[in-house]
Amino acid sequence: MRVRAPDQRGAATVLVVAMAGVLLLVGAASGVVAAIVVAHRKAQSAADLAALAGATVLADPGSPGARDPCTAAAEVASANGAELSSCVIEGQDVVVEVTVAGPRWLGQDRDLVGAARAGPATP
């Protein structure tokens, strides 16, 4: 006489569904991490360009249509999808800080910050 094992039909289906759920969660989490990296790079590049724009205006105040270095930095930051948080002129350097909206996931509501300093080279 053979003893039959309990019926296990459908056990593989449960395992496949569980693994698919894990893969979806890992995929969503890696997507959020990638979005954070992209937003941080965007903030940093906007800060770099804004600082350069401010330093350019500061270095040549006598040019036609000269304006405030921080105004120029704000315009460049805005054109790059960021908002100028602070702009400080330290001697011949322009120090800026910009913010970019980060990805929203699971109630996380954080903006990413980029900062840069630009001015003439010192020997």
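The values are calculated or read from the model by the stated rules, or taken from the named source; none is laboratory data. This structure is a prediction, so every number in the text was calculated from the model and none was measured. Cβ placement follows ideal geometry from the backbone for every residue including glycine, while neighbour counts extend to all protein chains displayed.
Being within 17 Å of Val33 (Cβ to Cβ), β-branched (Val, Ile, Thr) and crowded, with 16+ Cβ neighbours inside 10 Å is the requirement here; does Val95 meet it?
Here the answer is no, as Val95 does not meet what is asked.
How many residues are without any contact (Cβ under 8 Å) to a residue 24 or more places away in the chain and either among the β-branched types (Val, Ile, Thr) or more than 18 Å from Cys87 (Cα to Cα) (or both) when one looks only at the range 29-53?
Residues meeting the conditions: 8.
Test Leu15 against the criterion of being exposed (fewer than 14 other Cβ atoms within 10 Å of the Cβ) and either touching a Leu at 6+ places or on another chain (Cβ under 9 Å) or at pLDDT 95 or above (or both), and give yes or no.
Criteria not met by Leu15.
Yes or no: Val38 among the β-branched types (Val, Ile, Thr) and either assigned to a strand (DSSP E or B) or loosely packed, with under 10 Cβ neighbours inside 10 Å (or both)?
Taking the combined requirement at face value, the residue does not satisfy it.
For Ala28, are the conditions met, namely being at pLDDT below 90 and either assigned to a helix (DSSP H, G or I) or within 13 Å of Gly114 (Cβ to Cβ) (or both)?
yes
Return a yes/no flag: does the range 83-90 have any residue that is more than 20 Å from Ala35 (Cα to Cα), in contact with a Ser or Thr (Cβ under 9 Å, 6 or more places away or on another chain), at pLDDT 90 or above and among the hydroxyl-bearing types (Ser, Thr, Tyr).
Looking for residues that are more than 20 Å from Ala35 (Cα to Cα), in contact with a Ser or Thr (Cβ under 9 Å, 6 or more places away or on another chain), at pLDDT 90 or above and among the hydroxyl-bearing types (Ser, Thr, Tyr), one finds at least one in the range 83-90, hence yes.
Look at Gly81 and say whether it is within 29 Å of Val113 (Cα to Cα) and loosely packed, with under 10 Cβ neighbours inside 10 Å.
The answer is no for Gly81.
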